[in-house]
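Right, one structure below, let's go through it.
Please treat every number below as a calculation from the coordinates, not as lab data. In this text, all values refer to a predicted model and were calculated from it rather than measured experimentally. We place every Cβ from the backbone using ideal geometry, glycine too, and count neighbours over all the protein chains shown.
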Amino acid sequence: MHKALIAHGVLALTSPPDRAETMAGDLAEEAEARGRVWFAAALAGVSFAMFFQAFGSARGRALKLLGLGLVVWFGCYVAARAAGALLGLQPFVIDTRNVADLSFGTLLYLGVLLMIASFATGLVLGRREAVRGMSPVMPLAVFWATTAVAGLCADLAAGTPTWQCTLLYVCGLPLLYIAPLLAGGMLARPALSPGLGGPG
Amino acid sequence: MSRNANLGEFEQIVLLAIMRLGDQAYGVAIRDEIRQRTGRNTAPGALYTTLDRLEQKGLVTSRLGEPTPERGGRAKRYYAVSAAGAEAVERAQRCYQRLLEGLQILRKKHA
């Protein structure tokens, strides 16, 4: 039962709601015989395939949404930093060149601001029209995911990966950028998620 | 658009599997049918994007079934090949036959 719910939630981000429902049912049905590993791999595969199909058929609109998302995200982040400075929480300019020198409080503060900026971006983008059934937050979410993978690979290739950077790519980008963005996008478009609290 | 649609190999396989399954053609059954008949283990993502494309070309139609408990309350989507789809498969097969005519490869292999 929960496999269908997970699959439905994930696939609703990349496919029209009725398609997401039937594909989620298929994956849940087959997962009973094939197990969890197959289910996770199949879910990832179907999500990527549906994303690239939607992206390929409306490349211009998807890229516009990505550009808009980056502008909105940057605006939200600067606004949150300015609000924090006005409230006297932290100075507006924080030297982040050496992450190891920052205090835990400053790191926590920056992390919360990144989450707020990403969530707000999800709320703004989520109200835009879907791209062939794909959630309008997906181009930016995939951009962040690609950045994480590329950053990690570049670090490893350079041969000098620091634990702070590795932590940022492996946990930071998914937790601080992608998850709040998707949550904001889902909240802004409840009608896209039938069976997940939306009217269907 | 569907009248002269050219079909790729996998599109033909999917259309033929749907035809074989009749009114029981939904995602899992189509994958099983392809596996049994061709030995190919089709990725679910490849199947769904192909079905989507065939539907857009007007070569298949789909309808929703009833939700079932073993699928977490999710409905099945049943597919059927349209007249244009059947015609496209037939045309593609005729092309293969014409290309094979006079070639010795099959005779040698089975000799």
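Points worth noting:
- For A:Gly122, neighbours were defined as the other residues whose beta-carbon sits under 12 Å from its Cβ, and their charges (Lys and Arg +1, Asp and Glu -1) total +3.
- Charge tally in the Cβ shell below 12 Å around B:Ile13, where Lys, Arg are +1 and Asp, Glu are -1, B:Ile13 excluded: +2
- Rounded to the nearest 10 degrees, the angle from helix A:2-11 to the longest Cα principal axis of chain A is 70 degrees.
- For the stretch A:25-41, putting each phi into the Karplus relation 6.51 cos²θ - 1.76 cosθ + 1.60 with θ = phi - 60° gives couplings of x, 4, 5, 5, 5, 6, 5, 4, 8, 9, x, 6, 5, 4, 4, 5, 5 Hz, in residue order, rounded to whole numbers and with x for Gly and Pro.
- With K and R counted +1 and D and E -1, the other residues having a Cβ less than 15 Å from that of A:Val71 yield a net charge of +2.
- Across the stretch A:1-57, counting alpha-carbon atoms alone, Rg and Dmax equal 10.7, 34 Å.
- Relative to the dominant Cα principal axis of chain A, helix A:179-188 is inclined by about 60°.
- Mean Cβ neighbour count within 10 Å, used as a protection proxy, ranking B:40-46, A:9-15, B:70-76, A:83-89 highest first: A:9-15, B:70-76, B:40-46, A:83-89
- Counting, for every residue in A:45-52, the Cβ atoms of other protein chains within 10 Å of its Cβ and taking the mean gives 4.
- Inter-part distance, the stretch A:73-134 to the stretch A:142-181, computed on C-alpha centroids, equals 17 Å.
- Karplus-based coupling profile of the stretch A:51-65, in residue order and whole Hz: 4, 5, 5, 5, 4, x, 8, 9, 4, x, 5, 5, 5, 4, 5, with θ = phi - 60° in 6.51 cos²θ - 1.76 cosθ + 1.60 and x standing for Gly or Pro.
- Comparing mean-square fluctuations of B:Leu21, B:Leu59, B:Leu51 from a GNM of chain B with C-alpha springs under 10 Å, the top value falls on B:Leu21.
- Pairs of alpha carbons in the stretch A:59-200 separated by more than 19 Å make up 57% of all such pairs.
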